[in-house]
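Structure first, then comments.
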Amino acid sequence: PPLRIDVVTIFPEYLEPLRAALLGRAVERGLLGIGVHDLRDWTHDVHRAVDDAPYGGGPGMVMKPQVWGEALDDVCGEHTRLVVPTPAGRPFTQQTAREYATERHLVFACGRYEGIDQRVLTDAARRMPVDEVSIGDFVLVGGEVAVLAMVEAVARLLPGVLGNPVSAEQDSFSDGLLEGPSYTRPEVWRDLAVPPVLRSGNHARIDRWRRDESLTRTFHRRPDLLERLPEGSLDKHDREV
Ligand code: 6GU
């Protein structure tokens with residue numbers, strides 16, 4: 001397949017949704033390869049220990065470098081980009097998803113506890129690109145749920161994964177604005193009517209209305225996005241909305 005994804009985790013059952021629905025179908029159709037690996041397969045001791053107390057003290061446990069080192073030696077290859085989910089990472093965005101969709105091999109290394117001994121990442125970076133990434137400003141217990149989100153964001157950009165190829169990049173963020181509201185039948189539901197412009201058949205007016213809805217929604221919910229639009233992305237009418 002054009003893209004292979006491997007995930008190393010102490011909770012492989014958390015990644016089972018990767019075999020379901022849209023992603024499962026993409027795997028069956030050969031558009032994507034997915035492997036999930038139990039980190040404890042690389043332990044040597046009877047307790048299958050993957051963590052230890054942090055140097056310098058403090059709460060929590062740190063994942064041991066020897067186990068991770070051997071796991072990544074086996075799972076990573078010539079063409080690997082290593083991705084480490086952590087709330088201390090750089091933000092994962094739609095731009096990151098687009099970049100990952102052009103890679104040949106992604107390996108996600110899921111840390112639990114207080115994270116992975118930093119030397120594991122320093123060592124891996126001697127051989128491959130390594131990204132520490134966060135999916136938002138909140139704290140999860142481990143990287144597994146973040147991997148589910150990132151893999152879905154990447155997979156839907158791969159050729160053939162979505163039914164309708166125009167829809168993938170015509171969403172929120174493709175033009176830097178939030179998508180506005182959508183409606184389907186019936187025309188009136190619980191005394192709420194569909195905005196009449198959408199039933200007008202005037203496609204110039206419909207496009208203009210959708211653009212205005214995107215702009216006002218973005219202004220109220222995500223003013224930070226408007227600040228970061230590329231120069232020249234708003235026309236005269238947009239600026240009046
Ligand atoms: Cl990528 N991992 C964890 N553990 N927590 C997070 C996160 C990632 N992104 C936001 N919170």
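Quick rundown of the values:
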| read-out | value |
| --- | --- |
| Near pairs, Cβ below 6 angstrom, 6+ apart or cross-chain, from the stretch 179-208 (under 24 Å from PHE219 (Cα atoms) and open to solvent by 100 Å² or more (accessible area, probe 1.4 Å)) to any residue that is in a helix (DSSP H, G or I) and of a type outside the set (D, E, K, R) | ARG205/VAL197 |
| Members of the stretch 1-21 found to be outside any loop (DSSP other than H, G, I, E, B), in contact (Cβ under 8 Å) with a residue 24 or more places away in the chain and under 20 Å from ARG104 (Cα atoms), listed by number | ARG4, ILE5, ASP6, VAL7, VAL8, LEU18 |
| Test: residue in the stretch 77-87 that is in contact (Cβ under 8 Å) with a residue 40 or more places away in the chain, more than 16 Å from the ligand (Cβ to nearest atom) and either open to solvent by less than 20 Å² (accessible area, probe 1.4 Å) or within 18 Å of VAL141 (Cα to Cα) (or both) | yes |
| Residue count for the stretch 25-41, restricted to those that are in a helix (DSSP H, G or I) and open to solvent by 40 Å² or more (accessible area, probe 1.4 Å) | 5 |
| Some residue of the stretch 220-240 being touching a Lys or Arg at 6+ places or on another chain (Cβ under 8 Å), at pLDDT below 95 and open to solvent by 60 Å² or more (accessible area, probe 1.4 Å) | yes |
| Leading residue by the ranking (farthest from ASP175 (Cα to Cα)) among those in the stretch 67-113 that are in a helix (DSSP H, G or I) and polar (S, T, N, Q) | THR96 |
| Qualifying positions in the stretch 112-157 - near the ligand (Cβ under 9 Å from one of its atoms), open to solvent by less than 40 Å² (accessible area, probe 1.4 Å) and closer than 26 Å to ASP52 by Cα | ARG112, GLY115, VAL133, SER134, GLY142, GLY143, GLU144, ALA146, VAL147 |
| Of all residues making up the stretch 1-26, the number that are closer than 19 Å to THR102 by Cβ and over 17 Å from the mean Cα position of the chain (by Cα) | 2 |
| Test: residue in the stretch 51-66 that is open to solvent by 50 Å² or more (accessible area, probe 1.4 Å) and in a strand (DSSP E or B) | yes |
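The values are calculated or read from the model by the stated rules, or taken from the named source; none is laboratory data. These numbers were taken from a predicted model, which means no experiment stands behind them. Glycine also receives a Cβ, built like all others from the backbone with ideal geometry; neighbour counts cover every protein chain displayed. Ligands, DNA and RNA are excluded from the accessible area calculation, which covers all protein heavy atoms including side chains. Shrake-Rupley method; radii C 1.70, N 1.55, O 1.52, S 1.80 Å.
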